[in-house]
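The values are calculated or read from the model by the stated rules, or taken from the named source; none is laboratory data. No experiment lies behind these values; they were computed from the predicted model shown. Neighbour counts run over all protein chains shown; Cβ positions are idealised from the backbone, glycine included.
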Amino acid sequence: MSAVRDLQGRLWAIVGGSSPLARAFAHRVAARGASVLLVGRDLDDLARTAADVSLRHQVEVLVHGCDLGDPDQVGLLARRLQSEAEAGRLDLLLAAAIMPSQAAMEADPALVPPLWQVNVTAPIDLLLRLAPAWQRAGRGTVVVVGSVAGDRGRLSNHLYGASKAALATFTAGFRNRMARAGVHVLTVKPGFLDTGMTWGLPGIFLPGQPDPVAGTILAAALNRKDVLYVPGFWWLILTILKHIPEPIFKRLKI
Amino acid sequence: MRAKTQTLGGWGRWPTSTASVFRPERLAELQRAVADAPSVLARGAGRSYGDQALNQSGSLVLTTRLNRLLGFDPTTGLLVAEPGVTFRDVLATFQPRGWRLPVSPGTGFATLGGAIANDVHGKNHDGRGSFSDHVQWFDLLLASGEVRRVVRGDALFRATVGGMGLTGVIIALAVTLDRVTGNAVLLKEQRITDLDHFLSALQAARASSYSVGWIDALARGRALGRGLLETAEPTDTTLPPERERRRRVPLDFPGFALSAPMVRAFNLAYRWRVPTAGRERLAPVAKFLYPLDAIEDWNRIYGKRGFHQFQCVVPDAEAPRALTAMLQAIADAGAASFLAVLKTLGPRGQGMLSFPQPGFTLALDFPHRATTGELLARLERLTLDAGGRLYLAKDSVASPASIAAMYPDLPAFQAVLAEVDPAGRFTSDMARRLGVRGGEARR
Ligand SMILES: Cc1cc2nc3c(=O)[nH]c(=O)nc-3n(C[C@H](O)[C@H](O)[C@H](O)COP(=O)(O)OP(=O)(O)OC[C@H]3O[C@@H](n4cnc5c(N)ncnc54)[C@H](O)[C@@H]3O)c2cc1C
Ligand SMILES: NC(=O)c1ccc[n+]([C@@H]2O[C@H](COP(=O)([O-])OP(=O)(O)OC[C@H]3O[C@@H](n4cnc5c(N)ncnc54)[C@H](OP(=O)(O)O)[C@@H]3O)[C@@H](O)[C@H]2O)c1
């Protein structure tokens, strides 16, 4: 147990609680005394993580079932969180996303709207519904997990990338809006993370481990950083990638 | 769920084999991976040495991400955990609250699931028995997809304890922790001049809480079996937390690093640390239990070719003769080995294939060389002749006939397998090599 319990009194809602990154993040905030609300679909898994987090860090951990694919459930989640935001004790991590294979979506475009719903529409919906409460409270921290895939549309992954680009663009503007009220918004752009999303995929190099990455994210959020590339070297890779002229870029098989 | 094709070894890095490796992040994924695979095996931290946690051309399901604590009752000390929880994790989490696992192997990186599958023992086997003696129940995912709560005493309990993952996948377990105060042991170290002295000193040390001997396996003649004896008692002392210094081995060591002169120098230096009159000091429990864990991947010092660990137990009465013959064979072969470990074991484990039985257990490492096979075969023969047995957690070369002779309950084990997994879907390279499933053994 960490000695510094400086997040006591905060409630971190973690959407996508069954993601390894989210799980690691829950441990990080709980170690500093925050209560946790795990949100997701696999209630059995969330209950196990809740037991683990509360046992190790002796904080309250609750579970809330929500399928982001269902707008009504997103509305219910927003309602559940509004009073906490209003009370000025809500912080939020949005880690849920899906990444069907590019080839599968090209073959069956019907897979795209669900991708968009989970990765873009639901997060935006939730944030818009919570914004007024946060604005009134004048405090809160929001972490939106995007991806380096959103920085440039690549041959291999541009449908998922487009969803993360849309989310990042929204988040940049939302940060501006919330900053005026004293609420901080962080955009996280992970490179590769060593989770089920990448396990067994070809071409994965130097994937970040969930726990240290979660630590980096929390530190950035509390230091009011705006955009975080993690692991850090991805900033350099993306800077280069973004500057390759389109006539050359379009020939690259990446 | 996606698999990754990986070529893996055990801790000894010999032999290696290639499997489809799944790493479920949650139970539902594990169940799916097991349901879909015609040939499958759980794998924990890969701290068994040989071919036990390998499954050539089949599936391996890693439990490393299923490492959550599910419940703890501070009135009874009962801990419920997922199988991928490690010993070091339990120590770090519960020792500050006044609880410790009663039995622990020599590495904190091993998982609790793996500890049941080998019914592991520690340096306190005479007093506290094996790991599974403290396990109250576990949930076992069977080949049929059914999850069964298995309690102590059941035939399936006795088959799964020491059962090398062949009965199914342990997905949760309940183990009772000991109430403790402090985080330190009082450690006594003394030099021992030869094997006879060692055996009588260890015999006397059966009454102390912990005891372990370190032998210089290169010593010959009158010095055969010389080494250091460590005994320890728990204390109420709380030492200030030490900053953990984790070292890594940056590369596979070249062959000469393990030449006889180098190893001889190391073994001498190790012995000389302790003054002739012996010494006594407080040591943190973590360091005492897991001396090698400070260098996380120390197995790389044996180089790319890998190494073997030989571990046997022989009954007290046979120990002087059998151990002398073994140490002589090892010294004659000049098979350089870093410190060898000599300990006593107490009562039999509950598992049909539990390794522990009363006697002396000797463990030592050999780099994998062309001639190692001969030496290991000789040691296997000496073990068998002494009425002893080999530890399957360490083995990669023993013959099916020897193992059958050493483990008389093997037929009972096979009968349970025939019942819970008639198609033989749970299997491993070791199971095939030893013909554990009956039928043809593959050599
Ligand atoms: C430095 C060192 C010191 C050691 N000291 C000791 C010691 O003092 N005493 C001792 O007894 N052993 C000792 N060992 C051996 C070690 O404790 C055992 O091999 C242990 O089983 C390793 O656990 P693991 O999680 O690494 O299992 P793995 O090596 O990954 O697997 C071992 C076996 O367990 C099975 N298994 C793993 N998880 C499950 C599960 N969830 N359900 C069903 N089956 C499963 C596998 O199928 C396999 O058959 C030592 C090993 C090392 C490297
Ligand atoms: N892994 C990488 O290399 C990588 C790289 C860049 C960015 N990221 C981003 O990092 C974040 C975490 O990803 P991860 O790697 O940990 O992947 P993950 O394990 O697949 O996690 C994704 C999470 O999203 C949840 N989710 C999916 N659909 C949902 C729905 N309809 N309703 C509610 N929850 C839903 C999943 O929960 P259930 O399925 O249990 O409901 C799961 O918890 C994601 O935003 C991802 O895009 C990952």
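Points worth noting:
- Test: residue in region B:133-149 that is away from chain A (no Cβ under 13 Å) and in contact with a Phe, Trp or Tyr (Cβ under 7 Å, 6 or more places away or on another chain): yes
- Selected residue (criterion: farthest from ligand 2 (Cβ to nearest atom)) from residues of region A:170-198 that are of a type in the set (A, V, I, L, M), farther than 30 Å from residue B:23 by Cβ and over 13 Å from the mean Cα position of the chain (by Cα): A:181
- As a summary of the residue check, residue B:75 satisfies the conditions (1) within 11 Å of chain A (Cβ to nearest Cβ); (2) without any contact (Cβ under 8 Å) to a residue 12 or more places away in the chain except for the one numbered (1).
- Taking the listed residues B:91, B:8, B:62, B:66, the one that is farther than 18 Å from residue B:168 by Cα, within 14 Å of another protein chain (Cβ to nearest Cβ) and modelled with pLDDT of 95 or more is B:91, with no other qualifying.
- Residue list for region B:369-417, filter: in contact with a Gly (Cβ under 6 Å, 6 or more places away or on another chain) and either outside any loop (DSSP other than H, G, I, E, B) or surrounded by fewer than 22 Cβ atoms within 10 Å (Cβ to Cβ) (or both): B:400, B:414
- Residue in region A:90-106 that is more than 14 Å from every other protein chain (Cβ to nearest Cβ), more than 14 Å from ligand 2 (Cβ to nearest atom) and closer than 27 Å to residue A:184 by Cβ present: yes
- Residues of region A:199-232 that turn out to be touching a residue at least 40 places away in the same chain (Cβ under 8 Å), within 14 Å of ligand 2 (Cβ to nearest atom) and away from every other protein chain (no Cβ under 14 Å), as a count: 8
To keep it simple, each residue is scored yes or no on (1) surrounded by 20 or more Cβ atoms within 10 Å (Cβ to Cβ); (2) outside the structural domain of residue B:165 (by TED's automatic domain parsing); (3) within 16 Å of ligand 2 (Cβ to nearest atom).
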| site | (1), (2), (3) |
| --- | --- |
| B:16 | no, yes, no |
| B:20 | yes, yes, no |
| B:26 | yes, yes, yes |
| B:36 | no, yes, no |
| B:42 | yes, yes, no |
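- Residue B:42 meets each of the listed conditions (1) assigned to a strand (DSSP E or B); (2) more than 14 Å from every other protein chain (Cβ to nearest Cβ); (3) more than 30 Å from residue A:27 (Cα to Cα) apart from (3).
- Candidates A:50, A:30, filtered to the one that is touching a Phe, Trp or Tyr at 6+ places or on another chain (Cβ under 9 Å), assigned to a helix (DSSP H, G or I), buried (at least 20 other Cβ atoms within 10 Å of the Cβ) and of a type outside the set (Lys, Arg): A:30
- Taking the listed residues B:278, B:306, the one that is over 29 Å from residue B:90 (Cβ atoms), of a type outside the set (Ser, Thr, Tyr), within 15 Å of ligand 1 (Cβ to nearest atom) and at pLDDT 85 or above is B:306, with no other qualifying.
- Single residue of region B:144-193 satisfying the filter (away from ligand 1 (no atom under 15 Å from the Cβ), outside any strand (DSSP E or B) and β-branched (Val, Ile, Thr)) that is surrounded by the fewest Cβ atoms within 10 Å (Cβ to Cβ): B:181
- Pairing residues of region A:59-72 that are more than 18 Å from residue A:13 (Cα to Cα) with residues that are assigned to a strand (DSSP E or B), at Cβ distances under 8 Å and at least 6 apart in sequence or on separate chains, gives no pairs at all.
Let's see how each residue does on (1) in contact with a strand residue (DSSP E or B) (Cβ under 7 Å, 6 or more places away or on another chain); (2) surrounded by fewer than 21 Cβ atoms within 10 Å (Cβ to Cβ); (3) farther than 25 Å from residue B:392 by Cα:
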| position | (1), (2), (3) |
| --- | --- |
| B:73 | no, yes, yes |
| B:85 | yes, no, no |
| B:98 | yes, yes, yes |
| B:112 | yes, no, no |
| B:139 | yes, yes, no |
| B:142 | yes, yes, no |
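- Top-ranked residue of region A:22-48 - restricted to ones that are more than 12 Å from chain B (Cβ to nearest Cβ) and under 17 Å from the mean Cα position of the chain (by Cα), ranked as nearest to ligand 2 (Cβ to nearest atom): A:39
- Among the residues of region A:73-82, the one identified as of a type in the set (Gly, Ala, Ser) and under 19 Å from residue A:185 (Cα atoms) is A:78.
- Out of B:406, B:352, sole residue that is free of Cβ contacts under 8 Å to residues at least 40 places away in the same chain, within 27 Å of residue B:153 (Cβ to Cβ) and either among the basic types (Lys, Arg) or not assigned by TED's automatic domain parsing to the domain that holds residue B:162 (or both): B:406
- Residues of region B:315-339 that are at pLDDT below 95 and part of a loop (DSSP other than H, G, I, E, B): B:334, B:335, B:336, B:337, B:338, B:339.
- Residue in region A:180-187 that is under 18 Å from residue A:98 (Cβ atoms) and either more than 14 Å from chain B (Cβ to nearest Cβ) or of a type in the set (Gly, Ala, Ser) (or both) present: no
- Restricting region B:99-130 to residues that are hydrophobic (A, V, I, L, M, F, W, C) and closer than 18 Å to residue B:70 by Cβ, the residue that is farthest from ligand 1 (Cβ to nearest atom): B:99
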